[in-house]
Each structure stands twice: as C-alpha cells, then as structure tokens.
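Novice: This is the structure I want to talk about, given as structure tokens.
What follows is calculated from the coordinates using simple rules that are stated; it is not laboratory data. Fair warning: this is a prediction, and the values are worked out from it, not measured in the lab. Counting neighbours? That spans all protein chains shown, and the Cβs are built from the backbone with ideal geometry, glycine included.
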Amino acid sequence: MARFTFKEICADLWPDFETLFGATGACGGCWCQSWRVLQGGKLWEDTKGEKAHQLTRSLILTGRMTGLLAYEGDKPVGWCSYGPRVVFPRLERVKAYRRDDTEGIWSITCFFIPKEYRRKGLARQMLGAALRFMKKRHVRIVEAYPVPPTLDGTKLPGAFMFTGPLAIFEKAGFEIVQRISHSRPLVRLQL
C-alpha cells in the first residue's frame, strides 16, 4: 500500500490545492463548491468555473474552509472535504439528506482523487485522517453521504464515487441512519 501523509487545509497550502484541482477545478469546474452553493440551474451554472475557483481561494486563504490534502512525498494527490453541516446548504435540497437533528453535526461531503491514485486505499486513509482531525476539534457526530454498490452489486465508476464508497464508511464504524432511496444512504459516526 502506498504511503501517504495528510495535512489540514490552510492558507499556506492553497498552491497545492490549486495544483491538485488543475485547470478544470477537479470536476467540471466545481472547485469544491458544489455542496456549498444552493444549486438550482442558473445559480450553479453561474458559480462553477472561475467564480467557484475564487470562492474557494477566498475561503482557504481566510481560514474558513476545512478539509485535508493527501500527499505522496511533496505531491498533492487527494482532497477530502469536511466541515460543519451548515456550510453545505445544498444538503437541505436533497430529500434523502434532510434531517431535523443536524445541530452540531459535521459532514464529509466529497473526495477528489486523480485517476492514477484511485484503488490504492487512499480514500480510506483520507477518511481516517479526517476523523482524527475532527476529533481534535472536539466534533462529536460526523455524517456522510456515500455511494453504495448498485442493486445488482456492481460498483460505479470512480467519477461517480466522489462522496466515497459506502464500504469505507462502514469499515470505519459509520452506521446508516437514514435511507430514503437505495442509492443515497446517510451514515453517521459518534466520535
């Protein structure tokens, strides 16, 4: 298994974040803004791309964004986004993720791993590191929105697994607390 190290995002790491996300902003110009913007057609179309790039830059440089970068040596090779659920307003727009008991909850919303680093255990290791970082912040409950295998048991391609595979969360002790549809389980872990 490859040896990776992990650092919580901070202003000094902005160049590494930008390098990892590349010219396209990781996935279709998202720049890790998808869950942070109340999506609705034109609003998201107007945000993705350069505007999302600048929003993320501002959040990181001012210390208002949490998450971690994974490294192989000095090279950034992965990103895991997490933070208080309230900073991800799009979660309230997804019926399967709406809850009445979200006060104080932190969310793990996404992983970005370039193709050449997938299937090396990196997402599982990033999840473990994220939980350690959140524990240091005295977070009590963490939730996530992982992707399960399809009903016939097949795995989806990596591009559709950006919220993480269900198996890594289950192995870390998360339990499904809500499942309105098969494809959208909501899992939680008490730290």
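Novice: What is the Cα radius of gyration of the chain over 2.2 N^0.38 Å, N being its residue count?
Specialist: That works out to 0.97 for the chain.
Novice: Shifting gears a bit: Using the crude model of +1 on Lys and Arg Cβ and -1 on Asp and Glu Cβ, and no other charge, please compute the dipole size for the chain relative to its Cα centre, in debye to 20.
Specialist: Here the chain has a charge dipole of around 320 debye.
Novice: Let me ask another. Beyond a 27 Å Cα-Cα separation, which of these cross-linked pairs lie in this structure: Lys75/Lys120; Lys136/Lys171; Lys7/Lys95; Lys51/Lys136?
Specialist: From the list (Lys75/Lys120; Lys136/Lys171; Lys7/Lys95; Lys51/Lys136), the Cα-Cα distance tops 27 Å for Lys7/Lys95; Lys51/Lys136.
Novice: For an R0 of 30 angstrom, estimate the FRET efficiency from the Cβ-Cβ distance between Ala11 and Asp152 and round to the nearest 0.05.
Specialist: The calculated FRET efficiency here is 0.05.
Novice: Right, here's the next one. Highest mean first, how do 55-62, 24-31 rank when packing is the count of other Cβ atoms within 10 Å averaged over residues?
Specialist: Most protected by this proxy first, the peptides run 24-31, 55-62.
Novice: Show the residues, 5+ positions off or on another chain, whose built amide H is closer than 5 Å to the amide H of Cys110.
Specialist: Ser81
Novice: Using helices alone, I'd like the mean residue ellipticity at 222 nm for the chain: each DSSP H run of four-plus residues gives -39500 (n - 2.57), total over residue count, nearest 500.
Specialist: -7000 deg cm²/dmol
Novice: Relative contact order of region 122-187, please, whole-number percent, based on alpha carbon pairs below 8 angstrom and at least 6 residues apart.
Specialist: Reported as a whole number, the value is 37 percent.
Novice: What does the charge count near Val187 come to, summing +1 for each Lys or Arg and -1 for each Asp or Glu among other residues with Cβ under 11 Å from its Cβ?
Specialist: Neighbourhood net charge equals 0.
Novice: With N set to the number of residues, divide the alpha-carbon radius of gyration of region 103-180 by 2.2 N^0.38 Å and report two decimals.
Specialist: 1.13
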